[in-house]
């Protein structure tokens with residue numbers, strides 16, 4: 001690889017930074033110079049020389065199972081200099097997939113991440129018998145190194161097979177694409193010429209180095225510019241390896257201050273959302289996203305990005321340069337560049353590439369960077385015709401100026417049962433514009449209608465999402481193109497790998513199989529957007545007139561303690577129903593216990609709503625959720641992670657008196673609701689902490705979007721005004737006279753508020769202090785609040801640590817059973833949730849203000 005080796009001769013013995021690893025705090029945790037990395041590469045070459053060559057005389061193939069670490073860079077350069085064949089394997093691969101690439105390697109290199117993954121796969125399952133493993137001890141290699149020796153003379157100019165790169169096949173066993181050194185040289189010469197001078201001075205790597213494009217941009221173009229490769233903290237998931245990685249890396253992008261990066265479509269979506277938020281807040285999107293006032297070279301590829309999204313980013317001063325490539329062409333075929341860019345296209349061909357269209361619209365490519373063949377035959381293998389044209393399998397258009405637009409994958413074209421043809425990639429690009437969609441895959445070959453697998457953000461309300469999917473399709477897509485059956489999922493890492501490749505492309509065969517087997521359940525969107533259940537499914541108001549009832553609890557119930565605290569379980573004896581329970585007696589028991597669990601009554605949503613109303617003066621709500629079955633119950637939708645202890649609306653002046661839950665369907669494991677009695681916390685707190693909280697209130701400060709605060713006010717006014725009629729005066733009137741409340745209206749219609757309250761305070765039923773608040777609470781669907789003492793100082797870490805330990809000690813788990821109802825005093829008892837291990841559960845929440853006539857001591 002003449003291009004890379006010439007750059008190494010220039011920079012190898014310099015002390016300029018070559019690899020920088022970020023720490024979790026955003027500061028560099030490690031910085032390695034060109035001299036250190038190249039000398040470490042030479043030390044590895046010396047170690048490899050001790051291993052015998054294959055008996056058949058072929059060039060050894062070396063497996064590389066590494067994360068995005070300095071060890072990968074060191075190994076890659078060593079194998080180039082030693083003229084060995086590199087076979088990089090994604091850590092996200094299954095054992096079967098890894099074996100398809102590693103079965104013929106003569107030795108396998110591992111870093112720490114690779115060691116762990118190899119142990120999970122099992123070496124005996126993925127390697128041939130006797131294949132040696134060599135762990136890369138970076139520190140030892142860096143200490144033992146000498147100047148890098150590069151080939152000279154005729155050997156330096158000879159072509160050779162330098163890499164085997166994975167690409168998807170028709171089965172779960174990916175085939176290997178054999179890459180030539182001269183092909184990579186041609187590609188690098190062409191691509192480096194097309195890009196701005198010095199663009200790769202500081203490149204941030206966000207996707208796995210097992211991808212050839214990341215080796216090209218993150219190693220070789222950086223090397224050609226004498227730049228620095230910046231790597232994420234080791235524990236950070238790379239984009240494409242989990243469903244949420246694109247959002248998770250944003251803070252690290254800002255800390256890295258990159259001059260260039262390559263972003264998969266999911267990250268482009270995340271950039272657009274973050275840029276919108278920054279602009280709405282009056283901030284510079286470039287500075288917020290990239291930690292500097294200079295926009296980096298933003299490149300994208302892997303799947304289409306909708307032109308509207310690109311235009312949106314460009315409006316923020318963030319142009320994105322889409323490109324297109326194939327491993328069979330040693331990566332890049334075409335790319336938009338700063339001097340020649342057209343949104344909606346993948347740019348013009350690189351100087352060394354020629355393209356044309358076949359009669360059926362398939363893109364044909366020929367170049368000096370074409371591959372040397374595959375490691376195995378596969379029906380999905382691309383065909384190289386006698387004239388040297390590669391049939392890419394991609395459908396495209398080429399405009400008069402030479403810009404290419406990819407319209408779909410030839411083999412992916414869906415032919416519906418009605419005989420209509422649909423290109424799924426284009427449809428998917430449309431639906432990815434929905435803000436809650438992380439990624440989407442559309443299938444439907446031979447089906448009556450299209451099915452869509454939508455990976456959505458945690459906490460997304462499924463009813464609203466389904467309504468939005470339908471409304472979007474009806475407005476933007478033809479009847480043939482729109483998704484008729486939506487499958488909404490929040491995918492864990494392993495499930496994500498089942499349905500999407502390392503580059504984020506859908507595994508359509510696996511998805512179609514899951515649909516056929518019932519592993520993925522679909523939902524037909526409602527015929528029109530709705531925030532609650534369809535009218536035909538909404539039960540009528542069945543509130544009971546308890547004034548006509550007989551004496552309290554004349555029908556027998558069983559009351560017993562729950563756990564080790566003060567909570568109680570109420571169970572029916574005989575034919576007792578919820579409607580038979582006297583509300584005043586229930587509230588009297590709640591005042592004593594803090595929380596009640598009603599078990600065995602077998603209520604439906606209608607019964608639950610009536611029970612809540614029987615004890616309440618007024619129902620309130622979470623405006624980010626929709627009602628189910630009337631105007632009482634809202635479905636719990638706060639993702640799958642554990643939820644910290646909190647009071648409902650406890651970080652605002654609108655906290656309800658009572659919090660209610662109905663478990664319609666219990667999970668088989670996990671997802672217990674947690675309850676923590678604030679009386680027990682205050683009684684157990686240290687004197688030092690008690691003095692701090694007694695001396696000062698705490699203050700919650702945050703902003704709320706216009707749509708959410710107006711929806712809340714509409715409900716608080718019991719529908720006397722519509723959303724359109726709500727003004728800022730209405731919400732200020734609601735908070736008038738409330739101690740510690742300060743609300744301001746922002747230019748974008750959102751509000752900012754501060755709410756001052758004691759962390760420990762009297763409760764609904766007495767003057768005894770309860771440490772009950774939302775200091776540890778979640779902020780799903782909302783901006784997280786800033787929490788300080790009243791003087792503006794932060795809560796010290798020792799204090800938070802003490803309270804975390806104490807609250808965990810006195811917290812109890814509600815082990816849900818189908819039909820359980822929980823009633824919680826929201827002024828005394830905090831609640832949260834353990835992590836959801838089984839997402840197949842349904843729980844509803846209600847919030848209300850107590851009917852004061854039911855207070856203990858009142859007739």
Just give me the residues in the range 123-139 being touching a residue at least 24 places away in the same chain (Cβ under 8 Å) and in a helix (DSSP H, G or I), in sequence order.
125, 126, 138
When you go through (1) in a helix (DSSP H, G or I); (2) out of contact with any helix residue (DSSP H, G or I) (no Cβ under 6 Å at 6 or more places or on another chain); (3) crowded, with 22+ Cβ neighbours inside 10 Å one by one for residue 302, which number turns out not to apply?
(1)
Yes or no: residue 192 at pLDDT 85 or above, over 18 Å from residue 63 (Cα atoms), out of contact with any helix residue (DSSP H, G or I) (no Cβ under 7 Å at 6 or more places or on another chain) and not in a loop (DSSP other than H, G, I, E, B)?
no
Pick from 390, 357, 364, 384: which is buried (at least 21 other Cβ atoms within 10 Å of the Cβ), touching a strand residue (DSSP E or B) at 6+ places or on another chain (Cβ under 9 Å) and assigned by TED's automatic domain parsing to the domain that holds residue 97?
390
From the list 271, 209, pick out the single residue that is under 23 Å from the mean Cα position of the chain (by Cα) and more than 26 Å from residue 79 (Cα to Cα).
271
Does any residue of the range 538-548 turn out to be touching a strand residue (DSSP E or B) at 6+ places or on another chain (Cβ under 8 Å), more than 25 Å from residue 635 (Cα to Cα), assigned to a loop (DSSP other than H, G, I, E, B) and at pLDDT below 75?
no
Qualifying residue in the range 286-308 (condition: free of Cβ contacts under 8 Å to residues at least 24 places away in the same chain and out of contact with any strand residue (DSSP E or B) (no Cβ under 8 Å at 6 or more places or on another chain)):
yes
From 795, 799, which residue is more than 19 Å from residue 658 (Cα to Cα), surrounded by 13 or more Cβ atoms within 10 Å (Cβ to Cβ) and touching a helix residue (DSSP H, G or I) at 6+ places or on another chain (Cβ under 6 Å)?
799
What helices (runs of 4 or more DSSP H) completely inside the range 231-295 contain at least 3 residues that are at pLDDT below 95 and farther than 21 Å from residue 200 by Cβ?
245-248, 265-280
Here are 120, 149: which of them is under 37 Å from the mean Cα position of the chain (by Cα) and either assigned to a loop (DSSP other than H, G, I, E, B) or free of Cβ contacts under 8 Å to residues at least 40 places away in the same chain (or both)?
120
Condition first: touching a strand residue (DSSP E or B) at 6+ places or on another chain (Cβ under 9 Å), in contact (Cβ under 8 Å) with a residue 24 or more places away in the chain, closer than 28 Å to residue 594 by Cα and assigned to a loop (DSSP other than H, G, I, E, B). Can you find one or more residues in the range 721-737 that meet it?
no
Name the residues in the range 743-762 that are under 35 Å from the mean Cα position of the chain (by Cα), outside any strand (DSSP E or B) and crowded, with 17+ Cβ neighbours inside 10 Å, would you?
750, 759
Wholly within the range 309-376, which strands (runs of 3 or more DSSP E) include no fewer than the required count, namely at least 1 residues that are over 33 Å from the mean Cα position of the chain (by Cα)?
353-357, 362-367
(1) free of Cβ contacts under 8 Å to residues at least 60 places away in the same chain; (2) closer than 20 Å to residue 209 by Cα all hold for residue 101 apart from (1)
Would you mind finding the one in 714, 757, 704, 681 that is closer than 30 Å to residue 615 by Cβ and without any contact (Cβ under 8 Å) to a residue 24 or more places away in the chain?
714
Only listed residue being over 32 Å from the mean Cα position of the chain (by Cα) and part of a strand (DSSP E or B), chosen from 849, 844
849
Yes or no: the range 763-781 includes at least one residue that is farther than 30 Å from residue 593 by Cα and not in a helix (DSSP H, G or I).
yes
Residue within the range 87-94 that is in a strand (DSSP E or B), in contact with a helix residue (DSSP H, G or I) (Cβ under 7 Å, 6 or more places away or on another chain) and in the same structural domain as residue 374 (by TED's automatic domain parsing) present
yes
Within the range 562-571, is there a residue that is closer than 22 Å to residue 632 by Cβ and touching a strand residue (DSSP E or B) at 6+ places or on another chain (Cβ under 6 Å)?
yes
So residue 101 ticks every box in (1) closer than 19 Å to residue 161 by Cα; (2) touching a strand residue (DSSP E or B) at 6+ places or on another chain (Cβ under 7 Å); (3) modelled with pLDDT under 90 but one. Which box is left unticked?
(3)
For residue 811, are the conditions met, namely being under 14 Å from residue 674 (Cα atoms) and surrounded by 22 or more Cβ atoms within 10 Å (Cβ to Cβ)?
no
Find the residue count for the range 111-134, including only residues that are in contact with a helix residue (DSSP H, G or I) (Cβ under 6 Å, 6 or more places away or on another chain) and closer than 19 Å to residue 74 by Cα.
1
I need the full set of residues from the range 248-266 which are free of Cβ contacts under 8 Å to residues at least 60 places away in the same chain and on the phi < 0 side of the Ramachandran plot, in order please.
248, 249, 250, 253, 258, 261, 262, 263
Residues being modelled with pLDDT of 90 or more and within 36 Å of the chain's Cα centre (by Cα): count how many of those fall in the range 613-646.
3
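The values are calculated or read from the model by the stated rules, or taken from the named source; none is laboratory data. Please read all numbers here as calculations on a predicted model, not as lab measurements. All Cβ positions, glycine included, derive from the backbone under ideal geometry; neighbour counts span all protein chains shown.
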